[in-house]
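Enquirer: Sending over a structure as structure tokens; questions will come in a sec.
The values are calculated or read from the model by the stated rules, or taken from the named source; none is laboratory data. Everything quoted here is computed from the prediction, not taken from an experiment. Cβ atoms come from the backbone with ideal geometry, glycine included; neighbour counts cover every protein chain shown.
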Amino acid sequence: MKTEGQLSSSGPVNVRHLQLLNFGPNKDVFPPDKASFLSLIEEMHNWQEQQKDSQNHKINDKMIIHCMDGVTRSGLFCGASHIIQQINLNQEVDPFMAARYVSIRRQQFFQTQEEYNFLFNIGLEYMSRNHDYVEVE
């Protein structure tokens, strides 16, 4: 029987800690540098890809994302991560639907128009950095 908080006894667990240093508790709600924020998300996605075996099965798919209040910065990170995944898979994204998808797990994630605007802008920034063609509707 497995209870909340217990780790599986199936073997060692790899832990990798990623942190955006200029995005601390006394700073603005939004990261001051979109490029470093995107780099952190890309680093996380790269690490996830490395956690697959030779048949492309996930070996370690557990992830903890946290911030000081458990909502604001974590929500931005999860929303932006989902947007990047959607852009890479579909070459398009709806930032509002991405925020809604992420908010299913935690309704408090997105509470202001500025947070939605940030997601929209982070999607544009990512597409302009990584794709030749950007169409905004």
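Enquirer: Give the residue, chosen from 83, 65, 87, that is surrounded by 11 or more Cβ atoms within 10 Å (Cβ to Cβ), assigned to a loop (DSSP other than H, G, I, E, B), touching a helix residue (DSSP H, G or I) at 6+ places or on another chain (Cβ under 8 Å) and not small (Gly, Ala, Ser). Please lay out each step first, then the result.
Expert: Values: 83 fails: assigned to a loop (DSSP other than H, G, I, E, B); 87 fails: assigned to a loop (DSSP other than H, G, I, E, B).
One residue alone meets the criteria, 65.
Enquirer: Does residue 55 satisfy the condition of being modelled with pLDDT under 80 and surrounded by 15 or more Cβ atoms within 10 Å (Cβ to Cβ)?
Expert: On the way: modelled with pLDDT under 80: yes; surrounded by 15 or more Cβ atoms within 10 Å (Cβ to Cβ): no.
Judged against the criteria, residue 55 is not a match.
Enquirer: Separate question: If residue 50 satisfies all but one of (1) out of contact with any Asp or Glu (no Cβ under 9 Å at 6 or more places or on another chain); (2) closer than 26 Å to residue 15 by Cβ; (3) at pLDDT 85 or above, what's the number of the condition it fails?
Expert: Unmet condition: (3).
Enquirer: In addition: Return the pair list, or none, for Cβ contacts closer than 8 Å from residues in segment 118-131 that are closer than 15 Å to residue 39 by Cβ to residues that are of a type in the set (Phe, Trp, Tyr) and buried (at least 20 other Cβ atoms within 10 Å of the Cβ), at least 6 apart or on different chains.
Expert: Correct list of pairs: 122/37.
Enquirer: Taking the conditions exactly as written (surrounded by 13 or more Cβ atoms within 10 Å (Cβ to Cβ) and at pLDDT 85 or above), does residue 100 satisfy them or not? Give the derivation first.
Expert: Working: surrounded by 13 or more Cβ atoms within 10 Å (Cβ to Cβ): yes; at pLDDT 85 or above: yes.
Answer is yes for this residue.
Enquirer: When you scan segment 101-115, how many residues do you find that are in a helix (DSSP H, G or I) and under 19 Å from residue 41 (Cα atoms)? Give the steps one after another, and end with the answer.
Expert: Within segment 101-115, the subset in a helix (DSSP H, G or I) is 101-103, 107-109, 113-115.
Going one step further and asking which of them are under 19 Å from residue 41 (Cα atoms), we end up with 101-103, 109, 115.
Result for segment 101-115: 5.
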